[in-house]
Every structure is written in C-alpha cells, then in structure tokens.
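Okay, so here's the structure we're looking at.
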C-alpha cells in the first residue's frame with residue numbers, strides 16, 4: 001500500500017514538473033576558448049559541413065540538406081548519438097549568418113528544440129587569435145525536461161564540443177580551397 005502511494009506521489013510530481021515552465025536560456029551550456037587561428041579561417045572550418053564531426057563529438061554525420069549557398073535559410077542534417085538512446089537525425093536551419101559580428105545561429109524544431117549559437121571574435125592585437133564561444137540551448141520550457149538535460153550535460157559535459165588550444169593545432173585540412181593548420 002505504501003509503495004502504491006509513493007508511486008502515485010512520484011507520478012504527480014513528474015506531471016507537475018512537466019507542465020511547469022521555465023526560461024530555457026537559464027539552462028544553456030556555453031563553452032568559450034581562445035584559439036590560435038585567424039577568425040575567418042576558424043569560421044570557415046567550423047561552418048564547412050565535412051569538419052563538424054572533428055569538433056562536435058556527439059555528431060557522427062553532418063551534411064548539407066539542400067543545395068543553397070551559405071546564407072540564412074540553409075538546411076543541414078545532423079546525425080548524433082546519445083548515450084543509451086542511440087542515433088537520431090536532426091534538421092538544423094541557419095537562422096542567423098552575420099559575418100560582421102562573427103555570429104552564426106542554427107535552430108532545430110526537433111524534440112529538443114535545439115538552438116546553437118557560434119561566435120568568433122578576434123582576440124588580442126593581431127589576427128592570429130580568436131575567442132570562440134559556442135552556446136547550446138534546448139528551448140523546451142518544461143522544468144522536467146530542463147532538469148533532465150542539465151543532469152545529462154553535467155554527466156557528459158566534455159562530449160558537447162571539443163574546443164581548446166588543440167583546435168588551432170589540427171592537422172592541415174584542405175577544403176573548399178582553404179588550408180588550415
């Protein structure tokens with residue numbers, strides 16, 4: 001009898017947390033690092049679909065989903081793998097592409113309602129260093145969802161994005177006419 005009551009209380013609490021809404025931006029995961037690469041070369045590298053798997057560990061495949069050039073409205077397809085949940089496909093829409101302010105924003109309407117903001121700003125007095133910031137927001141407003149994703153990101157915080165000083169020392173990669181160190 002006590003177990004049934006406990007189970008009933010747990011179901012009620014979960015239901016309440018599901019319907020109570022919060023501001024998802026409070027739970028954003030953000031990582032920033034100064035990298036020894038020119039800003040333009042770094043953004044070209046990050047935005048080239050064939051290189052995403054190298055710096056975003058959860059993504060196993062990242063490809064163009066349409067033939068549009070790099071501009072607002074461009075679609076990408078990301079296949080990502082979550083621990084114990086397997087592989088999933090997510091369509092990402094480029095909603096902001098502002099090279100003047102070095103900002104790129106990708107959004108998805110998938111279950112997670114993912115928002116990815118990438119900002120690359122020159123750092124220091126010369127053009128050899130860039131301050132790269134990548135921010136992930138899962139825009140589902142449910143307190144239950146945000147609590148679950150927060151605990152997952154705490155548990156697996158190193159799997160989101162690999163940005164560090166090592167980013168600038170990647171092996172030379174030829175793509176779209178560019179050479180990166």
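With only the Cα atoms considered, segment 86-127 has a convex hull volume of 99 Å³ per residue. Obtain the nm distance between the two label points defined at residue 7 and residue 147 by a simple spin-label model: each point lies 7 Å from its Cα along the Cα-to-C-beta direction. Placing both labels 7 Å along Cα→Cβ, they lie 2.0 nm apart.
Per-residue Cβ neighbour counts within 10 Å put 34, 13 in the sequence 13, 34, beginning with the fewest.
May I ask you to compute the full-extension gain from residue 68 to residue 99, defined as 0.36 nm times their residue separation minus their alpha-carbon distance, rounded to one decimal in nm?
Working: separation 31, 0.36 × 31 = 11.16 nm, distance 1.75 nm.
This chain segment gains 9.4 nm when fully extended.
Counting beta carbons within 10 Å around each of 12, 35, 79 and listing the fewest first gives the order 12, 79, 35. Estimated from the Cβ-Cβ distance and a Förster radius of 45 angstrom, the FRET efficiency linking residue 87 and residue 121 is about 0.85.
If we count other beta carbons within 10 Å of each Cβ, what is the order of 97, 18, fewest first? Mind dumping the intermediate values first?
Numbers: 97 15, 18 12.
Going from least to most buried by this count: 18, 97.
A straight chain from residue 36 to residue 113 at 0.36 nm per residue would run longer than the Cα-Cα distance by 24.5 nm. Note on residue 133 and residue 18: with the Förster distance fixed at 41 Å, the Cβ-Cβ geometry gives a FRET efficiency of about 0.85.
Restricting things to Cα coordinates, could you compute the convex hull volume per residue of segment 1-149 in Å³? Walk me through the numbers on the way to the answer.
Details: hull volume 20.0 nm³, N = 149.
Per-residue hull volume (Cα only) is 134 Å³.
Every number here is computed from the coordinates shown, using simple stated rules; none is lab data. None of the values given here were measured: they were computed from a predicted structure. As a convention, Cβ positions derive from the backbone with ideal geometry for all residues, glycine included, and neighbour counts pool all protein chains shown.
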